[in-house]
1. Relative contact order for the range 1-110: what is it in percent, counting Cα pairs under 8 Å that are at least 6 residues apart?
2. T105 to W41: extension gain in nm, 0.36 nm per residue of separation minus the Cα-Cα distance?
3. Rounded to the nearest percent, how much of the accessible area of the chain (1.4 Å probe, protein heavy atoms only) is carbon and sulfur?
4. Which of P88, S108, F143 sits farthest toward the positive end of the charge dipole of the range 84-162, with +1 on the Cβ of Lys and Arg and -1 on the Cβ of Asp and Glu?
5. Starting from the amide H of S34, placed 1.01 Å from N in the peptide plane, find each other amide H under 5 Å away whose residue is 5 or more places distant or on another chain.
6. I want to check the label-to-label distance for W72 and D53. Put each point 7 Å from Cα in the C-beta direction and report it in nm to one decimal.
7. For the residue pair R139 and A123, what label-to-label distance in nm results when each label sits 7 Å from Cα along the Cα-to-beta-carbon direction?
8. Please report, in debye to the nearest 20, how large the charge dipole of the chain is about its Cα centre when each Lys and Arg carries +1 at its beta carbon and each Asp and Glu carries -1 there.
Amino acid sequence: MLAIDGPSGAGKSTLAARVVEALRARGCRTELVSTDAFATWDDPVSWWPRLVDGVLRPLSDGVPGAYRCTDWSSGVPRPGELVRVSVPDVLVLEGVSSGRASARTLLSHLCWLSGGPEAVRLAKAVGRDGEAARAELGRWQRFERGWFAVDGTPAAAGTRLS
């Protein structure tokens, strides 16, 4: 399992998509799961047991997993479609807190992507999510700054990219 972690707007999703594409091009059965499918503004990291129970534990037992993706279509997060995850050769777990301390023993590798200054990342995230999300994204950045400091994610990464 490869985790690609870092703050919002750092480019984690783009990097993860490229990694998955490259692995699949080599014939490697690869699955991608994003923490964005679980997290909400009000629940940035405590959803982790849903990922463990629905995906990580089943895959470790050699059986497919599944999870309900968060549906934001109404503007309010709610349970969305069921996403099935086949047993892969490589699971790429991407997103804020994917390399959290409690999961590090499960990881083959942790990649940290810093993405540059906070103001630049905020501008990228607002460009992606829309101006209406600016206040929530700012609050999210303040949360993740504390999360990463306490969790020690950057220092634990085997690869650090900017």
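1. Dividing the mean separation by the residue count of the range 1-110 yields 44 percent.
2. Here the segment from T105 to W41 would lengthen by 20.3 nm.
3. That fraction is 56 percent.
4. After comparing all options, I get F143.
5. Counting only residues 5 or more places away or on other chains, the set is E94.
6. The modelled label-to-label distance comes out at 2.5 nm.
7. According to this spin-label approximation, the distance is 2.5 nm.
8. Here the chain has a charge dipole of around 300 debye.
The values are calculated or read from the model by the stated rules, or taken from the named source; none is laboratory data. Note that the structure is predicted; figures quoted are calculated from it, not measured. Positions of Cβ are backbone-derived with ideal geometry, glycine not excepted, and every protein chain shown enters the neighbour counts. The protein model used for the area step is the full one, side chains on, heavy atoms only, and it has no ligands, DNA or RNA in it. Shrake-Rupley method; radii C 1.70, N 1.55, O 1.52, S 1.80 Å.
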